[in-house]
1. With the requirement that a residue be in contact with a strand residue (DSSP E or B) (Cβ under 8 Å, 6 or more places away or on another chain) and either farther than 20 Å from Thr308 by Cα or not assigned by TED's automatic domain parsing to the domain that holds Ala305 (or both), what does the range 211-223 give you?
2. One residue is enough: does the range 44-63 have a residue meeting the conditions part of a helix (DSSP H, G or I), touching a helix residue (DSSP H, G or I) at 6+ places or on another chain (Cβ under 6 Å) and modelled with pLDDT of 90 or more?
3. Among the residues of the range 460-489, what is the count of those that are in a loop (DSSP other than H, G, I, E, B) and either under 16 Å from Lys350 (Cβ atoms) or of a type outside the set (Lys, Arg) (or both)?
4. In the range 58-67, is there at least one residue being touching a Ser or Thr at 6+ places or on another chain (Cβ under 8 Å) and touching a residue at least 12 places away in the same chain (Cβ under 8 Å)?
5. Please work out if Glu341 is assigned to a helix (DSSP H, G or I) and modelled with pLDDT of 95 or more.
6. Could you say whether any residue in the range 422-434 is at pLDDT below 90 and under 29 Å from Pro358 (Cβ atoms)?
7. Condition first: surrounded by fewer than 19 Cβ atoms within 10 Å (Cβ to Cβ), modelled with pLDDT under 90 and either in the same structural domain as Gly80 (by TED's automatic domain parsing) or assigned to a loop (DSSP other than H, G, I, E, B) (or both). Can you find one or more residues in the range 173-193 that meet it?
Amino acid sequence: MSTILGMNERNLRYIRPHNLRGAIHLADDKIKTCKILGKAGLPTPKLYGILKKVRDIEEFDWSSLPDSFVIKPNMGLGGGGIVVMIKKIQDGLDKETGAKKEFSFFGIKELSKEENNNQSVLVLPTWEAADGTMWTVEDLKSHSYNIIDGNFSITEEPDTVIIQKRLIVHPTLRKYAYKGAPDVRVIVFNKVPVMAEMRLPTKYSQGKANLALGAIGVGIDLAQGVTTTAIIKKPRRRWIEKHPETGQDLSGLEIPFWDEILELSIKAQEISHLGFLGVDIVIDKDQGPMILELNARSGLEIQNANLTGLARRLERVEGLKIKSIKHGIRVAKELFGGEIEKKVEDMTGKEVLGIIEPIKIMDKEGELHKVLAKIDTGAGLTSIDSDLVKKLGFEDAINIFEKYTQTKKLMTKEEARKYDRELTEELKRKHKDIVDTAIIHSPHGTTWRLMIPFIFYISGIKVTTKASVTERKNLKYPVIIGRKDLKDFLVDPTKKKDRFSKF
């Protein structure tokens, strides 16, 4: 069986037998979902208004809405019809000139002197949406008419308008999204979370966390709650490492409240009776994880964000007897934690390293010694502590280098550049273990650092290189592996440190 879950298999094998029609209707109806989840004590965003008829739209007190809120269709699909208001423009006044302005979805019009002085002109509050457009009360009403007419409905039938509290992004996640709120989607089957991703709004998605609109999908390691690989579909489909607007690295982010998110997801499945369920959760600044929506037909792009298929994962938990919520979380972490690392290694042929790795280093006699090394992609060269170098049998080389260079005065960069080749060749002749020198520039001048032949094993792979000798006795790790020696590896900052079991 293929590890990738296709739409037909999802529908026939998982949705049809495990999601009854009544449960699907519940998930499609956001108002019923909020009420049922709220009754069970599960956190959902506050409702400001539910508008079912044209009369409701006309009678609703629009000016009472807060600075930020969300307006959306009750039976919407794929983010259609959702508008996120992020700021209220009080009284329609220009803050600099004090002049009245009329704002609308189509632009901003400054009133003429006559219009400004006309007491009959009423300027109502205006809101700025996440995509930068301005919305007056009339714009909101017009959008609400479209929703009621069923323009965004999954059933193409008349719909209901929901006006809901806009959740404030948790500080940890604020810099990872463009204007809107990121959310976490968890796929749950048989009371076991089987896959998760974080969805990050972009400028292209107009601040919405919807992959079909151009948001970013970032895979999450279920065991640790840490982001792994990321994909974006628009304007073109590609895997990415940084957020296109914020510039933030997308891997290695620890999701706050991770265990609580997994627990909420399983509880939502128990309450909704949906056997195959996608749960969308937003982490609010003040209230923590809150359930935004339930999805009875959860999308399959999550597989690409995680670089692994759903089919095999679903098969592994089907039929298991899950005794409790804690049991379901434990099963998820044990079965699906760390799979992304193996997948990446299989795809690239490169071993995945953490920030701290145990290595074996070879001394001059050919014996191996275990030490912990720091993996530093910011360092160009590998460096090793001078005391450790002496223990490896290179003390003579150090003594000759120090004796010879002590007589050399500090130089400018220009002087050092001219003299470097001559010095290096002279030192090589002095001792066979002096294989090169590294120039070190500082505000005080330029000096040289000894470089020795260096052989080490990391993750079972032999690396033959040259390392610069430096003073590291007051630092935690005696060896730093620089990027020159990391060409055959990938670096994952979330990888666990304790890996001596590999030796």
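1. Just the residues of the range 211-223 that are in contact with a strand residue (DSSP E or B) (Cβ under 8 Å, 6 or more places away or on another chain), to begin with: 211, 214-222.
Answer for the range 211-223, where residues must be in contact with a strand residue (DSSP E or B) (Cβ under 8 Å, 6 or more places away or on another chain) and either farther than 20 Å from Thr308 by Cα or not assigned by TED's automatic domain parsing to the domain that holds Ala305 (or both): just Gly214.
2. Taking the range 44-63 first, the residues part of a helix (DSSP H, G or I) are 54-59, 62-63.
Filter again for touching a helix residue (DSSP H, G or I) at 6+ places or on another chain (Cβ under 6 Å), leaving 57, 62.
Among the residues that remain, those that are also modelled with pLDDT of 90 or more are: 57, 62.
Scanning the range 44-63 turns up at least one residue that is part of a helix (DSSP H, G or I), touching a helix residue (DSSP H, G or I) at 6+ places or on another chain (Cβ under 6 Å) and modelled with pLDDT of 90 or more.
3. Taking the range 460-489 and keeping what is in a loop (DSSP other than H, G, I, E, B), we get 460, 471-478, 482, 486-488.
Then keep just the ones that are either under 16 Å from Lys350 (Cβ atoms) or of a type outside the set (Lys, Arg) (or both); that gives 460, 471, 474-475, 477-478, 482, 486-488.
Count: 10.
4. Filtering the range 58-67 down to residues touching a Ser or Thr at 6+ places or on another chain (Cβ under 8 Å) leaves none.
No: the range 58-67 contains no residue that is touching a Ser or Thr at 6+ places or on another chain (Cβ under 8 Å) and touching a residue at least 12 places away in the same chain (Cβ under 8 Å).
5. Values: assigned to a helix (DSSP H, G or I): yes; modelled with pLDDT of 95 or more: no.
So Glu341 does not fit the description; no.
6. Restricting attention to the range 422-434, the residues satisfying the condition of being at pLDDT below 90 are 422-434.
Cutting the leftovers down to under 29 Å from Pro358 (Cβ atoms) gives us 433-434.
Checked against the condition, which is being at pLDDT below 90 and under 29 Å from Pro358 (Cβ atoms), the range 422-434 yields at least one hit.
7. Within the range 173-193, one or more residues are surrounded by fewer than 19 Cβ atoms within 10 Å (Cβ to Cβ), modelled with pLDDT under 90 and either in the same structural domain as Gly80 (by TED's automatic domain parsing) or assigned to a loop (DSSP other than H, G, I, E, B) (or both).
Listed here are the residues, each with its yes/no results for (1) part of a loop (DSSP other than H, G, I, E, B); (2) in contact with a Lys or Arg (Cβ under 9 Å, 6 or more places away or on another chain); (3) surrounded by 20 or more Cβ atoms within 10 Å (Cβ to Cβ).
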residue: Gly252; (1), (2), (3): yes, no, no
residue: Ala268; (1), (2), (3): no, no, yes
residue: Leu277; (1), (2), (3): no, no, yes
residue: Val282; (1), (2), (3): no, no, yes
residue: Ser298; (1), (2), (3): yes, yes, yes
residue: Gln303; (1), (2), (3): no, no, yes
residue: Arg313; (1), (2), (3): no, no, yes
residue: Lys326; (1), (2), (3): no, no, no
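The values are calculated or read from the model by the stated rules, or taken from the named source; none is laboratory data. Since we're looking at a predicted model, the values are computed, not measured. Don't worry about glycine lacking a Cβ; one is built from the backbone with ideal geometry, like all the others, and counts go over all protein chains shown.
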